[in-house]
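Written below as structure tokens is the structure these notes are about.
The values are calculated or read from the model by the stated rules, or taken from the named source; none is laboratory data. Computed from a prediction, not measured in an experiment: that's the story for all the values here. Here the Cβ positions follow ideal geometry from the backbone for every residue, glycine too, while neighbour counts run over all protein chains shown.
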């Protein structure tokens, strides 16, 4: 009997030993498995933490939080600026408390600042978006803001706390200020040349002529002419003032407080000097543009730096109220308004033919309040604010005594006669306020016309540090 050929057949596997595993080995294996799982979880958590840190410190800060006409504002720059603005506000509260001891106000402001971080965040983002627009405008106008302009803003900021300014203040000798004499007189036939001078003297109109009953044609009585007085006026004397601080001491004080500003910001909130100065740069940029923009507005007549004091009279040919709705200058030339324009022209023709103004006004003016007084509107000290714009322009620019019109406004058509006019410069402090308001409107128009795209959820990136309650802890503890 031959042997069985087993080549190519599967070999029988040997069975594993059924030797029992000791408890120690079982514990070791379980511990090893737990350690492997824990290690894996730890590695996973570490990876997540690293990714989160990278996201918060690298990815998010480099992302744009807003875009203005294609120019991005990085989250990092925005957050640094918010921190700087918060610290400046907190430091201002500290200075206020040191000067006044008014803890209640400080406590309220601390609570508001820490409770509502979006308040400063929104303002800062508005400012940074505006800064991009202003830089483009400054470049178009070849306006540059140098370090001296920025330093001037820093000095002004510091002087608000110290009361010391490095800007020299010129001293002048007190002198008596003469009072101008102004006499409004009605004009008949004299030819005058308009002039921006304190007083325009004209010849009074003769009494109204060509009336059947003088009572129907009221005359316009000129105001009495002021006469010079020989009464001596008191000569003002100089008021003694405190001894001024020397320029050297003022400069030293400014430098000391400026160094304290930068050092304290760095120590308390890790705020870089350049971030602080960028805030002052924006203010310097705005000041430079305000001067340029408002000067342009004054040159083209859009903004006025003089005030008109005038006595006027007019004849109004009004249009019905239903035609006044939605008024614009184009309506003055419309078919619906033409009959009233033609009637106003007829009034002007009557006046130019020699008809008395008072009589024509009494008979034809639709302004019943002034018609009974011969069309007199009396004297106004500020014609540009007293009258609607077309009327005010006519009062400012027309030749005194001449008939002007028809002047179209939302009320209809006016025939105007300026009887007297005085044009004076607006006081500097008041003019500065006017410039500021005009510039703010210009900024608003600039912003409205820009393409500004804010990142969705930008509010979540507003920092809440530095905390006022942390920096001002000594003041809080002192009062609690």
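Of the residues that make up segment 417-428, is at least one part of a helix (DSSP H, G or I) and more than 30 Å from residue 103 (Cα to Cα)?
yes
For segment 48-62, indicate whether the set of residues that are touching a strand residue (DSSP E or B) at 6+ places or on another chain (Cβ under 8 Å), modelled with pLDDT of 95 or more, surrounded by 17 or more Cβ atoms within 10 Å (Cβ to Cβ) and farther than 30 Å from residue 257 by Cβ is non-empty. Can you show your working first?
Taking segment 48-62 and keeping what is touching a strand residue (DSSP E or B) at 6+ places or on another chain (Cβ under 8 Å), we get 61-62.
Now narrow it down to the ones that are modelled with pLDDT of 95 or more: none.
Taking every residue of segment 48-62 in turn, none turns out to be touching a strand residue (DSSP E or B) at 6+ places or on another chain (Cβ under 8 Å), modelled with pLDDT of 95 or more, surrounded by 17 or more Cβ atoms within 10 Å (Cβ to Cβ) and farther than 30 Å from residue 257 by Cβ.
Which count do you get for residues in segment 430-480 that are in contact (Cβ under 8 Å) with a residue 24 or more places away in the chain and farther than 29 Å from residue 110 by Cα?
14
Might you check whether a residue that is within 40 Å of the chain's Cα centre (by Cα) and modelled with pLDDT under 70 occurs anywhere in segment 13-36?
No - not one qualifying residue is present in segment 13-36.
If you go through segment 355-378 one residue at a time, how many are within 18 Å of residue 419 (Cβ to Cβ) and not in a helix (DSSP H, G or I)?
Selection size over segment 355-378: 11.
For segment 379-399, what are the residues that are surrounded by 16 or more Cβ atoms within 10 Å (Cβ to Cβ), out of contact with any helix residue (DSSP H, G or I) (no Cβ under 9 Å at 6 or more places or on another chain) and part of a helix (DSSP H, G or I)?
Selection gives 394 alone.
Going by the structure shown, is residue 404 in contact with a strand residue (DSSP E or B) (Cβ under 8 Å, 6 or more places away or on another chain), crowded, with 19+ Cβ neighbours inside 10 Å and within 28 Å of residue 307 (Cα to Cα)? Spell out the reasoning first.
Details: in contact with a strand residue (DSSP E or B) (Cβ under 8 Å, 6 or more places away or on another chain): yes; crowded, with 19+ Cβ neighbours inside 10 Å: yes; within 28 Å of residue 307 (Cα to Cα): yes.
Spelling it out, residue 404 is indeed in contact with a strand residue (DSSP E or B) (Cβ under 8 Å, 6 or more places away or on another chain), crowded, with 19+ Cβ neighbours inside 10 Å and within 28 Å of residue 307 (Cα to Cα).
Only helices (runs of 4 or more DSSP H) wholly contained in segment 76-183 count here; list those with 2 or more residues that are in contact with a strand residue (DSSP E or B) (Cβ under 6 Å, 6 or more places away or on another chain) and modelled with pLDDT of 95 or more.
117-140
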